[in-house]
Each structure stands twice: as structure tokens, then as C-alpha cells.
Amino acid sequence: MLLFKREEIKNHAIDWLDETKAQAADGHTYDFTEVNDVHNDIFNNDYYIIGTHEAKFWLGHMAFDVINIIKEYEQDNFGEVNTDFSQPEHVVNMYVYIVGEEIIREAMEETSVLDVEVTA
């Protein structure tokens, strides 16, 4: 289980889900049934952190631990490591993507988005 900044990342997902659910209530459509698509929309279609300084600050003393988590994840899932570790923004955003996989269902349950009618 990934614990570093887990609650912060989960709260980010919950905020995104609540906003999207509210838009669905206003007549916009969104399909919450495909969990992988929801995860992708939250954690891959936009940057969690923008700016090198902000990313370095966010990582703090956990930078090397986060890099090791990313290396292990990418090696296990892709057979190679692709993240550019010289770019703190890339490190943060990849880590958030990984944690997002772990927390997405929990966030979706907490916001009850699976109970939302998604068609207008």
C-alpha cells in the first residue's frame, strides 16, 4: 500500500468526481462505469503538479522512495522504466497516477458516483 500523500491524492480524486457528478446533474454526460477511464481522466489527462519548484517541494524527503516506487511499477507493468527522473514534475505526476490506481474505487464509493445516472 502506498501511503505517502495518499489522502491528499484521494481528496483530489474526490473533488474531481464531485465536480463531474455535479456537471452530470446539470445535464452534462459522463460515464462513471468504466473505472479505468475515470482513473485516466483524473490522473492522466491533466497534471497534478505543474512547476519544478512545486514538484520538488511536494516530494520533499520522499523523492528517492517515490522514484523507487515508480521504477518498480514501470518495470512490473511495462518491462522497462520510462519516466524521466530528472524532471520532478514527471516524478510527481507518475507517482500520483500510480497511487490513483490504488484509491480510485474507494474515492468512487465515497462520492457515490456509481449511483449517478450518467445520461441527460
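Quick look at the numbers
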| quantity | calculated |
| --- | --- |
| Karplus 3J(HN,Hα) series, Hz, for region 17-27 with 6.51 cos²θ - 1.76 cosθ + 1.60 (x for Gly, Pro) | 5, 4, 5, 5, 5, 5, 5, 5, 5, 8, x |
| Rough spin-label spacing in nm, given labels placed 7 Å along Cα→Cβ, for ASP84 and ASN44 | 2.0 |
| Computed magnitude of the charge dipole of region 51-120 (debye, nearest 20; Cβ of K, R +1, Cβ of D, E -1) | 320 |
| SER86, SER112 arranged by Cβ crowding within 10 Å, fewest neighbours leading | SER86, SER112 |
| Residue order, fewest to most surrounding Cβ atoms within 10 angstrom, among MET94, MET108, MET62 | MET62, MET108, MET94 |
| Over the chain, relative contact order from alpha-carbon pairs under 8 Å, at least 6 apart, % | 46 |
| Derived scalar couplings ³J(HN,Hα) [region 105-112; Karplus, 6.51 cos²θ - 1.76 cosθ + 1.60; whole Hz; x for Gly, Pro] | 5, 4, 5, 5, 5, 5, 9, 6 |
| Inter-site label distance for GLN75 and ASP31 at 7 Å from Cα along Cβ, in nm | 3.7 |
| Choice from ILE70, ILE103, ILE50 with maximal GNM fluctuation in the chain (Cα, 10 Å cutoff) | ILE50 |
| Fewest-first ranking of PHE85, PHE43, PHE32, PHE57, using other Cβ atoms within 10 Å as the exposure measure | PHE57, PHE85, PHE32, PHE43 |
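Each reported figure results from applying straightforward, stated rules to the coordinates on display, with no laboratory input. In this text, all values refer to a predicted model and were calculated from it rather than measured experimentally. Neighbour counts run over all protein chains shown; Cβ positions are idealised from the backbone, glycine included.
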